[in-house]
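This report concerns only the one structure given below.
The values are calculated or read from the model by the stated rules, or taken from the named source; none is laboratory data. None of the values given here were measured: they were computed from a predicted structure. Here the Cβ positions follow ideal geometry from the backbone for every residue, glycine too, while neighbour counts run over all protein chains shown.
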Amino acid sequence: MSYEAFELAASLKVGDKAPNFTLPDTELQPVSLNDFQGRRLVLAFFVNAFTSACTKEMCAFRDSMARLTNLKAQVIGISVNDPFSNKAFAEKHKLPFPILSDYTRGVIKAYGVEKFDFAGLKGYTTAQRAIFIIDQNGVIRYIWITENSDEEPNYTEIETELEKLK
């Protein structure tokens, strides 16, 4: 991705069209953002599978699936972990939504949520914890990004934002 493209991606804002992507799921099947056209989406970028904060976050989404389904929302988890680690993570925690692998880190760059030198490891890049709510027309309606990898999103606020899309 060119520097200009990265600058554009890093400046995504509410009202922008969500960048399309295709990533492998836990069964190595390609999943595209466009596959969910006409549905409300909660894209949940998480730092790393099996870390305590990421486990709490993904399990919170799992535990609120009934409410999210009533709001006609589909959760999609995205991490830079390989599909095999994501599969073990999804199975261990019985996650009922797709967990996608951005192992090439192209999607975290496109969405401007790339976190450099994670955990003090020079050159190791992961996703920042971030939430993007995308409406049924593919438009970003809510963005939450944190630098603090231990901070969880405000789940009530996410549901409130989804309610506004009805």
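Taken together, the residues in region 13-31 that are more than 16 Å from Lys109 (Cα to Cα) and without any contact (Cβ under 8 Å) to a residue 24 or more places away in the chain amount to 2.
Residues that are over 20 Å from Ser32 (Cα atoms), among the aliphatic types (A, V, I, L, M) and either in contact with a strand residue (DSSP E or B) (Cβ under 9 Å, 6 or more places away or on another chain) or modelled with pLDDT of 90 or more (or both) within region 82-138 comprise Ala88, Ala119, listed in sequence order.
Of the residues making up region 126-137, those that are in contact with a Lys or Arg (Cβ under 6 Å, 6 or more places away or on another chain) and closer than 23 Å to Arg105 by Cα are Thr126, Gln128, Ile133.
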